[in-house]
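Visitor: Provided herewith is a single structure, encoded as structure tokens, for subsequent inquiry.
The values are calculated or read from the model by the stated rules, or taken from the named source; none is laboratory data. Computed from a predicted model, the values in this text were never measured in an experiment. Cβ coordinates were reconstructed from backbone atoms using ideal geometry, including for glycine residues, and neighbour counts include every protein chain displayed. When the accessible area is computed, the model is the full protein with side chains, heavy atoms only, and any ligands, DNA or RNA have been set aside. Shrake-Rupley method; radii C 1.70, N 1.55, O 1.52, S 1.80 Å.
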Amino acid sequence: MYRIIDISEEVNKALKEGKPIVALESTIISHGMPYPENIETAKAVETIVRENGATPATIAIINGRIKIGLNEKELEFLSTAKDILKASRRDLPVILAKRLNAATTVSATMICANFVGIKIFVTGGIGGVHRGVEETLDISADLQELAKTDVAVVSSGAKSILDLPRTLEYLETLGVPVIGFKTEEFPAFYSRGSGLKVNYMVEDEVEAARVVKIKWDLGLKGGVLITNPIPEAHTLENNYIEKIIEKAIFEADKRGIRGKNLTPFLLERIKNLTEGKSLKANIELVKNNARVGASIAVQLNHLYQGE
Ligand code: PSU
Ligand code: MN
């Protein structure tokens, strides 16, 4: 299997030396943000991970090879090229066989991180149960992945483009712990709260790392969703963003946008309707998640090495 995986020098060194590593996804780069904010954010996030004691491993597929850790040229390519596919679990084998280029979603990034033993993964928001699921059955593969792949994901919850109550119900059914990092409430991406409770709150990085390790010590398969709210200064007012999200969903419906194109379409529309305010919020929350995720990776490493 290693014949289709390329590990960067920096990540390889960290793996060999048993240093903490944080996986980062690439769909947020290719399909979640416009250029040049996408590449600027990708680089800033990597820097923050390093500053907080861990090694960043941004993951993507280039020419049918799984890349764990990207160089400057590869990041530039993913930020600017127009024909980058969006790879979830089901897409991986086909994209590799056809030697195509793809950004990896939360589900595919978890799978690739797990191949090489990376345990912590930082992103902005995960996919979930879409509004109108009764008709479309649109439930992101990210949720099933959290049920089966042993990687902990740090995110700012999920956007209310999704049906958040149903997303939490689904995660409960799948047995995925949903942890609030210093919060009792499930964060709604642009706002710190959603009015919905998380499963449990953790006080700090150490407690978060303990939850993750104990889950795997028990042999319980799958991830942990650690939710970290957007910093107060960058939140968007709830009613304001809610109206915009409803408008974006209405437009998507009218234009018949479905399946894997739906999330990128909504993100782009929300960015335009908020005149870039949503993008700014998105950038800030990802950076904040990188800080927290790197610290959790450091603590998890301590726990494993203390044995
Ligand atoms: N939510 C965001 N930004 C994103 C995504 C979700 O706020 O960039 C991306 C992630 O890569 C996530 C994917 O895994 O969208 C989910 O897509 P879908 O809804 O098609 O499963
Ligand atoms: Mn979907």
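Visitor: Those residues that are assigned to a helix (DSSP H, G or I) and in contact with a Ser or Thr (Cβ under 6 Å, 6 or more places away or on another chain), I need them from the stretch 128-178; list them, please.
Guide: Here is the first cut: in the stretch 128-178, the ones assigned to a helix (DSSP H, G or I) are 133-136, 141-148, 164-174.
Across the stretch 128-178, the qualifying residues are A141, D142, E145, L164.
Visitor: Moving on. Identify the single condition in (1) in contact (Cβ under 8 Å) with a residue 60 or more places away in the chain; (2) more than 15 Å from the chain's Cα centre (by Cα); (3) within 27 Å of N261 (Cβ to Cβ) that T41 does not satisfy, given that it satisfies every other one.
Guide: Condition (2) is where T41 drops out.
Visitor: When the residues of the stretch 108-143 are narrowed to those that are out of contact with any strand residue (DSSP E or B) (no Cβ under 9 Å at 6 or more places or on another chain) and either at pLDDT below 95 or under 13 Å from L225 (Cβ atoms) (or both), which ends up farthest from ligand 1 (Cβ to nearest atom)?
Guide: Among residues in the stretch 108-143 that are out of contact with any strand residue (DSSP E or B) (no Cβ under 9 Å at 6 or more places or on another chain) and either at pLDDT below 95 or under 13 Å from L225 (Cβ atoms) (or both), the one farthest from ligand 1 (Cβ to nearest atom) is E135.
Visitor: Shifting gears a bit: As an exercise: evaluate G259 against (1) within 17 Å of the chain's Cα centre (by Cα); (2) at pLDDT below 95; (3) among the small types (G, A, S) and give the number of the one condition it does not meet.
Guide: The one condition G259 does not meet is (1).
Visitor: Looking only at the stretch 111-140, how many residues end up being crowded, with 24+ Cβ neighbours inside 10 Å, more than 16 Å from ligand 2 (Cβ to nearest atom) and hydrophobic (A, V, I, L, M, F, W, C)?
Guide: So the count comes out to 6.
Visitor: Assuming A102 fulfils every condition listed in (1) over 12 Å from the mean Cα position of the chain (by Cα); (2) open to solvent by less than 20 Å² (accessible area, probe 1.4 Å); (3) modelled with pLDDT of 95 or more; (4) within 15 Å of ligand 2 (Cβ to nearest atom) apart from one, which condition is it?
Guide: Among (1) over 12 Å from the mean Cα position of the chain (by Cα); (2) open to solvent by less than 20 Å² (accessible area, probe 1.4 Å); (3) modelled with pLDDT of 95 or more; (4) within 15 Å of ligand 2 (Cβ to nearest atom), A102 violates only (4).
Visitor: Would you point out which residue out of I62, I68, I95 is touching a Cys at 6+ places or on another chain (Cβ under 8 Å) and more than 13 Å from ligand 1 (Cβ to nearest atom)? Quick ask: steps written out before the conclusion?
Guide: Values: I62 fails: touching a Cys at 6+ places or on another chain (Cβ under 8 Å); I95 fails: touching a Cys at 6+ places or on another chain (Cβ under 8 Å).
Selected residue: I68, the only one of I62, I68, I95 that is touching a Cys at 6+ places or on another chain (Cβ under 8 Å) and more than 13 Å from ligand 1 (Cβ to nearest atom).
Visitor: Still on this structure: Could you list all residues from the stretch 141-175 that are surrounded by 20 or more Cβ atoms within 10 Å (Cβ to Cβ), of a type outside the set (S, T, Y) and within 13 Å of ligand 2 (Cβ to nearest atom)?
Guide: Result: D142, L143, E145, A158, I161, L162, D163.
Visitor: Of the numbered conditions (1) within 25 Å of I95 (Cβ to Cβ); (2) surrounded by fewer than 24 Cβ atoms within 10 Å (Cβ to Cβ), A14 satisfies every one except a single condition; which is it?
Guide: (1)
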